[in-house]
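**Student:** Encoded as structure tokens, here's the structure I'll be asking about.
The values are calculated or read from the model by the stated rules, or taken from the named source; none is laboratory data. Keep in mind that what you see is a predicted model, and the values were worked out from it rather than measured. Reconstructed Cβ throughout: ideal geometry from the backbone, glycine too, with neighbour counts over all protein chains shown. Side chains included, ligands, DNA and RNA excluded: accessible areas come from the protein's heavy atoms. Shrake-Rupley method; radii C 1.70, N 1.55, O 1.52, S 1.80 Å.
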Amino acid sequence: MNETALPRAPLRIASVQAHVFRYPVKVPVRTSFGTMTDRPALFVQVQDEDGAEGWGEVWCNFPACGAEHRARLLHSVMAPLLQGQAFGGPAAAWESLTRQTAVLAIQSGEPGPMAQAIAGIDLALWDLAARRAGQPLWRYLGAQRSRIPVYASGINPQGSVEMAQQMRSAGHCAFKLKVGFGAERDIENLAALRRELGESTPLMADANQAWTLQEALSMAPRLAPLHLGWLEEPLRADRPWSEWQQLKAQAPMPLAGGENLAGDEAFDAAIAARVFSVMQPDAAKWGGISACWPVVQRARAAGLRYCPHYLGGGLGLLASAHLLAAAGGDGLLEIDSNDNPLRSALSPQLCDIDDGWVTLDDETPGIGAPPDVAGVAASVARPVALS
Ligand SMILES: [Mg+2]
């Protein structure tokens, strides 16, 4: 793990803009708590007063109507606090935005959407800083490596074997199935995947907070013969740590979580509870790079594996890839298996999967070539007007 502090790059922000797109999907993406019938993406474009540009992305998968709301928060609440202002670097901007919106977040009951908007701005500012420095973001963050291992995520309960076969043909060597659709169906699906993939292929399961403690305790031994790489969010993220510890004591597989944690205190409590073997902060959902970086360092120092959570468009995925490269360790990057050009067309280097690994660009500054967001949107997705 690179123990150095994040680089500082003073900046004066000229503009912050939000761009919302929706890609209508043929096959809905199912999780145990909801279904996505289109794929939203909220991209953030920042410019500094020298004309340098950066791109980020805000988590906005749920509720389905929420992308436009977050874009409006970004335009009406966040942008006025940034434009024309000077900061010592992206981390200082993250801290300032978080502090200045803290009371409003409580008053409005919207700490989540606000943290997500700030996270996307932070990713854009890091991209800008790296572009201005003329370095790929992974190198700018101090990484020694540009190759990272990946896994195929978002595999639906319907057609899971076919999806895994397609992903294996595309170069994937590790797979994660969505569960929480009834014990028998979950186990049948996982067993079919295990037969298809063989014993040595990493296979994980994500319950998306579907189970009570009693349900999870009864599932854990039934899942044991499937040798899961990890079991993700078997319980609700807000259940007491004592429940998680009870499950941990009886679960034969590593437990994973973190996508629904926000704030230093929450992550520190999770690390201290010693229930997760795999920590999965989502840099587009809370913290951006500025606040996730120290969380990841502390998690890795405690012996946890860092596997970034990510299930959105291509720009947040690229930022997550660069962050993982810089963080080091043996964690895997989560790559959605479902059709979504807002992801694939904007992160082409992450579509080139070689035996379970991807290689980040060694020369192009920032997260990669400046994204043709307008072009991709015009060809595949529906731009959403915000006015
Ligand atoms: Mg998950």
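**Student:** Specify the inter-centroid distance of region 224-301 and region 131-165, based on alpha-carbon positions, in whole Å.
**Tutor:** Taking the Cα centre of each part, region 224-301 and region 131-165 sit 20 Å apart.
**Student:** Given the options 223, 342, 318, state which has the largest fluctuation in a GNM of the chain using a 10 Å cut-off (strictly under) for Cα springs.
**Tutor:** Per the Cα network of the chain with a 10 Å cutoff, 223 tops the list.
**Student:** Given the options 335, 367, 353, state which has the largest fluctuation in a GNM of the chain using a 10 Å cut-off (strictly under) for Cα springs.
**Tutor:** Result: 353 has the largest fluctuation of those listed.
**Student:** Can you pull out the chymotrypsin sites (Phe, Trp or Tyr not before Pro) in region 293-369 whose DSSP state is coil and whose Cβ has at most 13 other Cβ atoms within 10 Å?
**Tutor:** none
**Student:** Continuing with the same structure: Taking θ as phi - 60°, what are the ³J(HN,Hα) couplings along region 291-303 by the Karplus curve (6.51, -1.76, 1.60), each to the nearest whole Hz, with x for Gly and Pro?
**Tutor:** These are the phi-based 3J(HN,Hα) values: 9, 6, 4, x, 4, 5, 4, 5, 5, 5, 5, 8, x Hz.
**Student:** Taking only protein heavy atoms into account and a 1.4 Å probe, give the accessible area per residue of region 139-369 in Å².
**Tutor:** 35
**Student:** Which chymotrypsin sites (Phe, Trp or Tyr not before Pro) in region 1-55 pass both tests, a DSSP loop state and at most 16 other beta-carbon atoms within 10 Å?
**Tutor:** 33
**Student:** Using a Förster distance of 41 Å, how high is the FRET efficiency between residue 158 and residue 133, based on the Cβ-Cβ distance and rounded to 0.05?
**Tutor:** Approximately 0.35, to the nearest 0.05.
**Student:** When the chain is fully extended, how far beyond the present Cα-Cα distance does residue 374 get from residue 239, taking 0.36 nm per residue of separation?
**Tutor:** Full-extension gain reported as 44.4 nm.
**Student:** Nearest 0.05, what FRET efficiency do residue 298 and residue 250 give at R0 = 22 Å with Cβ-Cβ as r?
**Tutor:** After rounding to 0.05, the efficiency reads 0.25.
**Student:** Cross-link candidates for residue 248: which lysines have Cα within less than 24 Å, leaving aside residues fewer than 8 places away along the same chain?
**Tutor:** 176, 178
**Student:** Given the C-alpha centroids of region 309-387 and region 6-33, what is the distance between them in whole angstrom?
**Tutor:** First find each Cα centre; the distance between them is then 11 Å.
**Student:** 5 Å is the cut-off here: which amide hydrogens, built 1.01 Å from N in the peptide plane, fall below it relative to residue 261, excluding neighbours closer than 5 in sequence?
**Tutor:** none
**Student:** Separate question: Looking at the chain, identify the longest residue range that excludes and avoids all GluC sites (Glu not before Pro) in DSSP loops having at most 11 other Cβ atoms within 10 Å.
**Tutor:** Longest gap between qualifying sites, sites excluded: 4-198.
**Student:** If you don't mind, another one. What nm distance separates the two modelled labels at residue 99 and residue 192, each placed 7 Å from Cα along Cα→Cβ?
**Tutor:** In this crude spin-label approximation the distance works out to 5.5 nm.
**Student:** Also: Can you list the aspartates and glutamates whose alpha carbon sits under 15 Å from that of residue 26, skipping same-chain ones fewer than 8 residues off?
**Tutor:** 38, 339
**Student:** May I pose another question? How high is the relative contact order of region 11-134, in percent, with contacts defined as C-alpha pairs under 8 Å that are six or more residues apart?
**Tutor:** 32
**Student:** Could you tell me, in Å, what Rg and Dmax come out for the Cα atoms of the chain?
**Tutor:** So, for the chain, Rg and Dmax equal 19.8, 59 Å respectively.
**Student:** Rg(Cα) of region 2-68 divided by 2.2 N^0.38 Å?
**Tutor:** Taking N as the residue count of region 2-68, the ratio is 1.55.
**Student:** Would you give the gap between the C-alpha center of region 184-223 and the C-alpha center of region 51-84, rounded to a whole Å?
**Tutor:** Using only Cα atoms, the two centres lie 36 Å from each other.
**Student:** Percent relative contact order of region 227-332, based on C-alpha pairs within less than 8 angstrom and at least six residues apart?
**Tutor:** 22
**Student:** Summing -39500 (n - 2.57) over the DSSP H runs of n ≥ 4 in the chain and dividing by its residue number, what mean residue ellipticity at 222 nm do you reach, to the nearest 500 deg cm²/dmol?
**Tutor:** Dividing the helical sum by the residues of the chain leaves -11500 deg cm²/dmol.
**Student:** Turning to a different aspect of this structure: Give me the number: length gained by fully extending residue 169 to residue 265, i.e. 0.36 nm times residue separation minus the C-alpha to C-alpha distance, one decimal in nm.
**Tutor:** Once the chain is fully extended between residue 169 and residue 265, it gains 30.4 nm.
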